[in-house]
Amino acid sequence: MALAALLLPVTATAQDATGMLVGTVTDRASGAPISGARIQIVGEAALGANTDDAGRYFLRGIPAGARTVRVTRIGFRPEAQPATIAANDTTRLDFALAASAVELQQVVVTGTGGAVEKRKIGASLGTMDVAAQQEIMPVTNFSSVLANKVTGVRSVGVGGGVGGSQDLRIRGIASFSLNQRPVIYIDGVRVDSRGTEWTTATGMASTACCSFSGGNSADRLSDLNPNDIERVEVLKGAAAATLYGSEATNGVIQIFTKKGRGEGRTQWNLGLGTGFNRLRENLPTKTFPRFTGPDGTRAQDANNLIKNGPFNSIDVSGQGGTTRSTYFVSALGSKEEGSIQPNDQSKANLRANVTFVPTDKWTVEVRSSYTRNIINELQAGNNWTALLGNAINGNPRTATKDRPYGEAWVPVKDIQTMETKSDADRWTGGVTLSYAFNPNFTHRLIFGTDAVNEQKSRFFPYAGAFGPAGVTNGQRNIGVRTYRTTTVDYLGTLNYKLPFDIESNFSFGGQGFWESQRLNIAVGNTFPGPGVSTVAAAAVTSGGEAFTETINLGILAQNRFAWNDRLFVTLGLRMDGNSAFGADYGFQKYPKADLSYDLSKHEGLLPKAFSAFRVRGAVGQAGKMPGPFDSFTSYGAQPVYENVPGIVPLNPGNKDLKPELTTEREFGFEIGLWEDRVGIEASQYYSKTTDAIVSRAFAPSQGFSQAQRVNIGALENKGWEASVKYLVVSRARFDWSTGINVDGNKNNVLDLGGVTLPGTAIRVGYPVQGVWGQKPNGFSVVTTGTTCAGQPMQSWGCPTTTRTASQEYFGPPLPTFNGSWSNTIRWGSFSLYGLISMEKGAWFSNGDRPYRIRQGGSDEYLSALGPNGERTFKADSIYQWSSILSHYDKRDNVRLRELSLTWQVPANISSMFKTGRTSVSLAGQNLMWWDDCNCVDPNMNWAGADSYTINSGFLAQPAPRQFRLQIRTRF
């Protein structure tokens, strides 16, 4: 009792020494509440809160006395105000933030050695406020989050099936053979981002032609729920991403999910979405119904296959908490069908993020998410069973009842009976422990895992005419992919002061991941009869298996020196080792240095119009590790006779193999004008990759069936990026903001170490995967002979185009210029948003175009025939050209990428339904484009997200137009 009596007064005194801070954060121009703003007590990392949708915040447990309170929100100028906190009392402090076109005060954490303002780092780092984007444009998949939003980032849908893959890359191509997708992290945990087909990696590539769905595989990024995402940070190259070591050549994308809110009741958010997908009806078969086949069947137009693919979704989330703990929970269910069917995606997501602050020194964050994603994949791409490919490339004059499109390979009706499914279970979770020994010495540990269990299955029914695909009397494929990656990341930071007003921020730590992938596939060919659908019941069965494991370990150190809060110099080093190099891990060093100078901190130096001016520069190195077994000599089992096993050499290996090394230098600046109403950002970069891995073939007499991987190549990327954002008008009932993003990149092969590679994909002096082909070099009318391109000679002779003897260069496979223009206009409770994109400089092999003509189809050829389908001089010219030449066309296009109209329901109406802030959005994506590519869509690519098969649209299906209606409300 005596001890309790002694302790009680002490406890009471401690409690009496704290107070509470409340208030609202609003937009200075419109007076509208700002949600998601961060309120922080300066110097107290554990004392912070976020505003709710009404702009309100509550912050308890603040030590009594004079404090400085700072408020930040992406898109607004930070504000700081003094406050005197009274013990056992509530202090009110309101903020009115001004919109800003400059984001130098924004705090970022990816690749920076701890949280830091953007103005203090010298490398380019892109950011995207996804939560704010959702307010004006429904975001239903991750592929649209970055599309034309961040300079230097290419995020383009290249296939038309729902759940299909996208081309995602940063600053061009930095290798000859290694994967070019950037590494993806979610809340510090490395995750699976595979967007390419894996069934052919099991040794069973030839079981039934091509991959399961022809190239446009399911993309694991489609597993993500965009409603869970708060923001995205993008490290664009080696200069920015050095601290990620042998993973960073392609850049790094980190996704940050939403957190809970502090004091106040739980805020629930409900979203209801509906709409449809529909292809643009520009397929080149509109003339088909003019013709009938040998049995009298009138040919059908492939545009009739286009349907409205319905989309429906419901999502709910809750945010709440107390002073010491917060939580965010969410659930999503969606069903989406493609415009060409059968093709659909059913997805369910669950997430729980919990933050707990047990003491003023410790913070514990726990995150867990689960996804079930079932995709009935579309048969498309370079594939005998490509549905649209068969319908478009047919000959209407050979149409029959069973082949109404004049299909040359497999009837469309049989393709529609196939079943191609991807069924994935995915769990991603992690724990972040933060410990502040004191405000100047902090520690952070992240431990997390991403686990994906995916099953793919494909079924050819017994009765289908699948002969061209190598299938007779049916086939069943079942594949299983088990993927695991575990991330451990420790970072310590120490702040201290040096003489001459220099401050030091020293970061140190280590990062590692353990990744494993197991692939299994079973194939059953030739069923005994209809109704059979199992592998075991087939007459011929086979199987394949593959396994890879990678362990990567790295340590890092970095020091950022600051002088007078205006000059910042950063020096850093990462050392990386990887299991691909054997037991000693082959540790490599990756240094970096950057400089940032904030000239706006000099009073009177800049003209009055300048509200911000920062110059920066950076240089750094990063690597790209080879495949897990590229350095090892390997052998395979192969029967010598019918039942006698044998061993054959496969990979010769290379004990001297190293990671590819990319060195990048970058310079840039940011300018804010007229109180940050205008923001200008520009960067110029040059990156050079050395020790690029090239496959060097051995002589057949040496016995190895695979080429040796050697570090002898070099390539470069030269580029620039610029953006302008202008807050044109900002008033209580009307505001208008506009923005322009532009970038350019040129890729060039510098050296191949004397090795001559087959084909034209990699040639010194040209871009990787450049587009090459024979060009026309003459034209005449030949009047001798009896045939013209295999057809009987007509009275006008044979219009004959001649071609070059060798292949010549057309152009690069990726755009050398990208641009976008966005506008957001708010008038009262209505907001109108639009985004137009532009691409120039890319070429592709338009293989469908001559193939259709040679088949006797295509509107281009058929419209040149006479009224009764008779041949003409023009038709013969087109046919003869296509009989000896392929077509190579430009991908240049201008596209209406996004358009939306949003109505913020007035409070007096929403209150009638007992709900809070409510909005209704009508939106469209990929609505219209203008091009001269002689194709259906200049962005389509048959191999989906493949890093290098990027210059051919053969048999590909374009991405659909998307129309969405979304209602979001809070309660």
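The values are calculated or read from the model by the stated rules, or taken from the named source; none is laboratory data. Model, not experiment: these values are computed from the prediction. Cβ: placed from backbone, ideal geometry, glycine included. Neighbour counts: every protein chain shown. These accessible areas exclude ligands, DNA and RNA; they are computed on the full protein's heavy atoms, side chains included. Shrake-Rupley method; radii C 1.70, N 1.55, O 1.52, S 1.80 Å.
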Suppose we take every Cα in segment 58-208 and form the convex hull; what volume per residue is that in Å³? 199 Å³
Carbon/sulfur fraction of accessible area - the chain, other protein chains in place, 1.4 Å, %: 59 percent
Taking N as the number of residues in segment 18-99, what is its Cα Rg relative to 2.2 N^0.38 Å? 1.02
Sort all Cα-Cα distances of segment 529-603 into consecutive 10 angstrom bins from zero, then give the percent of pairs in each bin up to the one containing the longest distance. 14, 21, 15, 13, 13, 9, 8, 5, 1
Anything in the chain that counts as a DSSP H helix reaching 18 Å or more along its axis (C-alpha) with Kyte-Doolittle mean of at least -0.5? List them, would you? 2-16
Give me the dipole magnitude in Debye, nearest 20, for segment 18-99 about the Cα centre, with unit charges on the beta carbon: positive for Lys and Arg, negative for Asp and Glu. 140 debye
Mind pulling the per residue volume of the convex hull built on the Cα atoms of the chain? Å³ is fine. 222 Å³
Which lysines, on any chain, are close to residue 307 with Cα under 27 Å apart, when same-chain ones fewer than 8 places away are left out? 286, 335, 347, 401, 413, 421, 456
Heavy-atom accessible area per residue, the chain, 1.4 Å probe: how many Å²? 40 Å²
What is the Cα centroid distance between segment 655-720 and segment 272-322, reported in whole angstrom? 40 Å
What value does segment 812-971 have for Rg/Rh, both radii from Cα atoms and Rh as Kirkwood defines it? 1.19
State to the nearest 20 debye the size of the charge dipole of the chain about its Cα centre, where the only charges are +1 on K and R beta carbons and -1 on D and E beta carbons. 1080 debye
Based solely on its DSSP helices, what 222 nm [θ] is calculated for the chain when runs of n ≥ 4 H residues each add -39,500 (n - 2.57) and the sum is averaged over all residues, nearest 500 deg cm²/dmol? -1500 deg cm²/dmol
Cα extents of segment 711-854 per principal axis, largest first, Å, are 80, 52, 21
Among 298-310, 678-690, 946-958, what's the highest-first ranking by average C-beta atoms within 10 angstrom per residue? 946-958, 678-690, 298-310
Among 748, 780, 465, the residue whose Cα sits farthest towards the positive end of the charge dipole of the chain, when +1 is placed on the Cβ of each Lys and Arg and -1 on the Cβ of each Asp and Glu, is 780
Of the residues 268, 699, 217, the Cα lying farthest along the dipole of the chain towards its positive end, which is defined by charges on the beta carbon of Lys, Arg, Asp and Glu, belongs to 268
Would you mind putting 335-347, 618-630, 600-612, 22-34 in packing order, based on average other-beta-carbon counts within 10 Å, highest first? 618-630, 335-347, 22-34, 600-612
Nearest 20 debye, what's the magnitude of the dipole of segment 356-408 about its Cα centre given +1 on Lys and Arg Cβ and -1 on Asp and Glu Cβ? 160 debye
Using the alpha carbons of segment 400-543, what is the convex hull volume per residue in cubic angstrom, as a whole number? 187 Å³
